[in-house]
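What follows draws every value from the coordinates through simple rules; no lab data is involved. These numbers were taken from a predicted model, which means no experiment stands behind them. Neighbour counts are summed over all protein chains in view; Cβ atoms, including those assigned to glycine, are modelled from backbone coordinates with ideal geometry.
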Amino acid sequence: MTKLMVGSIGKLKQIGTSIKHYWSLIKSLQTFLLLITGIAGYISAKSTTFNWSNIFSLSGSLFLAISGSTILNMWFDRDIDAEMKRTCWRPLPSKQITPNKALATGILFSFAGVAWAFSLNKLFGLIVLGGLFFDVIVYTMWLKRTSVWSIIWGGISGGMPVLAGRALGLGYIDWVGILLAFAILFWIPTHMMTFTLRYQKDYDSVGIPIFPTKYGARTTQRIIAFSSVLSITSMAIATLGLGLTNGFLWLFTLLSVGLFGLSLGCLIYPSEKLNFRLFKFASIYMLGSMLIFTSLLLN
């Protein structure tokens, strides 16, 4: 009996460890932020066909598709991840998960997510498939190791969940959905370029082309700030078509003013310290904006 209990506890620990490793493999924080944008996009449409079943199916399909593309990215980049101090601890380079298992999981998640998306709505499925294609094929496999501008294509894939969610709610693509997607596209450089500034030696050591190496740190910091301004502008124009109530509109305005102030400071007095503050606040801004858009569910 004791041996049986010990064996059961050992198996449970192994299962828990495996879940922990796979959870790390999908970059859970990034995945859930993109998932929230998709849900916010759907709610923002104020669809007459809104129901919790659609929310569940949208969330499930996006979670699988985003997680699948992330796993495939990690699988493809396992060689350079092993050489970088920032990423050598990840499950694949640290050999906590085998490449074959990661590849199989990535393909399974991606296929299941896209298939589920198509079962909901053809347009929704096409946008989800487009996001996966841009992220895995165009960004990771084609451009990441050859061009500093690969980050733009990665940004396109990042904007697909919110566009897909709104398209599912409306049944078509509108100007608000496109602007919301652009807002996230312009937010991506704030996130990614900050990492390239902080870990420039890592990227240079594996030959990944990045803005700080090609154009210098000061120029990169100004690009980050300018990109944030474009993100604010796109988001602000999009809110005109969303019909936010006064309280939520003021909260959104407050977030926008805060991010704009930091962006302006980085444009005039670029510095690593100010840039990192901008990076932190930009994430709060994006999450806060999406949560504000979900307030439309209460109207």
TODO: Compute the length gained on full extension between Leu291 and Phe118: take 0.36 nm times their separation in residues and subtract their Cα-Cα distance, giving the result in nm to one decimal.
DONE: 59.7 nm
Open item on the list: Within the stretch 30-298, count lysine pairs with alpha carbon atoms under 20 angstrom apart where the residues are 8 or more positions apart or belong to different chains.
Closed with: 8
Open item on the list: Loop-only chymotrypsin sites (Phe, Trp or Tyr not before Pro) in the stretch 171-279, please: DSSP not H, G, I, E or B, and at most 15 other Cβ atoms within 10 Å.
Closed with: Tyr172
TODO: Per DSSP H run of at least 4 residues, take -39500 (n - 2.57); add these up for the chain, divide by its residues and hand me the 222 nm value, nearest 500 deg cm²/dmol.
DONE: -25500 deg cm²/dmol
- [ ] Could you tell me whether the stretch 37-91 comes out rounded, prolate or oblate from its Cα gyration tensor? Rule is a ≥ b ≥ c as square roots of the eigenvalues, rounded for a/c under 1.5, then prolate if a/b exceeds b/c, otherwise oblate.
- [x] prolate
- [ ] Could you calculate the FRET efficiency of Asn100 with Lys201 from 1/(1 + (r/R0)^6), where r is the beta carbon distance between them and R0 is 22 Å, rounded to 0.05?
- [x] 0.10
- [ ] Between beta-carbons, use under 14 Å as the cut-off and find the net charge around Ala45, counting Lys and Arg +1, Asp and Glu -1.
- [x] +1
Task: Förster radius 51 Å - calculated FRET efficiency between Arg218 and Lys46, Cβ distance, rounded to 0.05 - done: 0.70
- [ ] At 0.36 nm per residue, minus the direct Cα-Cα distance, what do Ser59 and Met141 gain on full extension? Give it in nm, one decimal, please.
- [x] 26.9 nm
Task: Sparse-neighbour loop sites [trypsin sites (Lys or Arg not before Pro); the stretch 60-102; at most 10 other C-beta within 10 Å; DSSP] - done: Lys85, Lys95
Task: Rounded, prolate or oblate (a/c below 1.5 giving rounded, otherwise prolate when a/b exceeds b/c) for the stretch 76-127 by Cα gyration tensor - done: prolate
- [ ] Please sort 157-169, 231-243 by packing, taking for each peptide the average over its residues of neighbouring beta carbons within 10 angstrom, highest first.
- [x] 157-169, 231-243
Open item on the list: From the Cα trace of the chain, what convex hull volume per residue do you get, rounded to a whole Å³?
Closed with: 152
- [ ] Would you please give the FRET efficiency between Ser271 and Val229, computed as 1/(1 + (r/R0)^6) with r the Cβ-Cβ distance and R0 = 25 Å, to the nearest 0.05?
- [x] 0.90
- [ ] First select every other residue whose beta carbon is under 13 angstrom from the beta carbon of Leu242; then total the charges, Lys and Arg +1, Asp and Glu -1.
- [x] +1
TODO: Report, in order of residue number, the helices in the chain meeting two criteria: a C-alpha extent of 20 Å or more along the helix axis, and a mean Kyte-Doolittle hydropathy of at least 0.0; treat each whole DSSP H run as one helix.
DONE: 2-25, 28-44, 52-76, 99-120, 150-170, 175-198, 217-239, 246-268, 272-294
Task: Local electrostatic count at Leu259 - Lys and Arg +1, Asp and Glu -1, tallied over other residues with Cβ under 15 Å - done: +2
Task: Length added when fully stretched, Ser18-Leu249, from 0.36 nm per residue minus Cα-Cα - done: 78.8 nm
Open item on the list: For a test of the definition: using alpha carbon positions, the gyration tensor, and the 1.5 limit on a/c, classify the stretch 131-250 as rounded, prolate or oblate.
Closed with: oblate
Task: Residue among Ser67, Ser110, Ser28 with the largest mean-square fluctuation in a Gaussian network model of the chain, springs linking Cα atoms under 10 Å - done: Ser28
